[in-house]
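> Next up is a structure, given as structure tokens.
FYI, it's all coordinate maths here, none of it is from the lab. Since the model is a prediction, treat every value here as computed from it, not as a measurement. Glycine gets a Cβ as well: all are built from the backbone with ideal geometry, and neighbour counts include every protein chain shown.
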Amino acid sequence: MITIKGVILAGGTGSRLSPLTKVTNKHLLPVYDEPMIYKVIKTLTSSGIKDITIVLGGESVGDFVRLLGDGSEFNANFNYVYQQRPGGIAEALYLTKNIVKGHKIAVILGDNIFEDAFKSEIEEFEKSNEHQCCLFLKKVEDPQRFGVAELNNDNTIKSIEEKPKIPKSNYAVTGLYLYNENIFDLIKKIINEIGYSDRGELEITDVNNYYVKINKAKAIFVKGFWSDAGTFDTLIKSSNFVKSFLNNKS
């Protein structure tokens with residue numbers, strides 16, 4: 001039985017999807033047949049993770065709770081944490097400390113749509129202490145939009161650069177991360193030594209680069225479909241994939 005805890009980061013303003021997000025949170029918008037957040041939850045539950053903390057922000061908290069409840073509909077258990085203001089992925093993750101500390105965790109961004117489940121990868125991470133962090137990489141056509149991994153010849157990660165103008169590879173760091181129990185100590189270290197970026201955010205790339213620097217980060221290459229759904233184009237791209245996937249199954 002998997003004991004890794006799940007964390008879904010579903011705060012933020014969704015400004016790139018305005019005016020769709022003027023009166024609701026982007027993670028409640030539909031990706032074809034379901035609210036976006038359903039797809040993200042199912043990525044975790046289909047990977048064997050049943051204890052999930054969801055970080056929320058803005059004015060739609062009540063809508064999330066009414067929609068998702070205690071998690072029993074998904075055969076899971078949900079906790080909720082509120083983020084007062086957008087402050088970056090690492091800050092949002094740090095807010096879950098009192099709930100998930102002492103456990104290895106799987107963190108997923110609330111707008112990331114995956115075809116695959118990752119049960120075997122998560123089980124391996126749970127059993128082994130060889131790596132302290134696993135980053136899921138996907139080859140993309142527009143790497144400038146993402147954190148980009150520079151790879152060594154053996155496909156280990158050399159460095160990660162956030163939204164580079166001239167990317168060193170086409171491998172984007174997707175919004176799924178596995179961390180061991182020391183993640184919150186490391187975020188505290190990043191706060192003290194690096195602090196917030198020019199964007200006013202505590203950058204997850206700084207966290208991930210630390211693991212890369214100490215050779216404790218593992219690259220996992222995503223085989224199936226992956227996209228964020230945070231823009232008009234990627235929202236419809238994700239919906240079209242789900243439609244095609246379901247039609248092929250029927």
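> So how many residues does the stretch 162-177 have that are aliphatic (A, V, I, L, M) and farther than 12 Å from Ile204 by Cα?
2
> Right, something else. Tell me the residue from Glu181, Glu162, Glu150 that is closer than 22 Å to Ile52 by Cα and charged (D, E, K, R), please.
Glu181
> Please give the strands (runs of 3 or more DSSP E) falling wholly within the stretch 150-244 in which 2 or more residues are in contact (Cβ under 8 Å) with a residue 40 or more places away in the chain, touching a Gly at 6+ places or on another chain (Cβ under 8 Å) and surrounded by 18 or more Cβ atoms within 10 Å (Cβ to Cβ).
It comes to 157-162.
> Here's a follow-up. What is the number of the single condition among (1) in a loop (DSSP other than H, G, I, E, B); (2) within 27 Å of Thr205 (Cβ to Cβ) that Thr53 does not meet?
Only one criterion in (1) in a loop (DSSP other than H, G, I, E, B); (2) within 27 Å of Thr205 (Cβ to Cβ) is unmet by Thr53, namely (1).
> When you look at Ile122, is it β-branched (Val, Ile, Thr) and in contact with a helix residue (DSSP H, G or I) (Cβ under 8 Å, 6 or more places away or on another chain), yes or no?
no
> Moving on. Of everything in the stretch 152-194, what is in contact with a Ser or Thr (Cβ under 6 Å, 6 or more places away or on another chain) and more than 18 Å from Ala92 (Cβ to Cβ)? Give them in sequence order.
Passing the criteria: only Ile160.
> For Val107, work out the one condition from (1) surrounded by fewer than 23 Cβ atoms within 10 Å (Cβ to Cβ); (2) under 28 Å from Gly57 (Cα atoms) it doesn't fulfil.
All conditions pass for Val107, except number (1).
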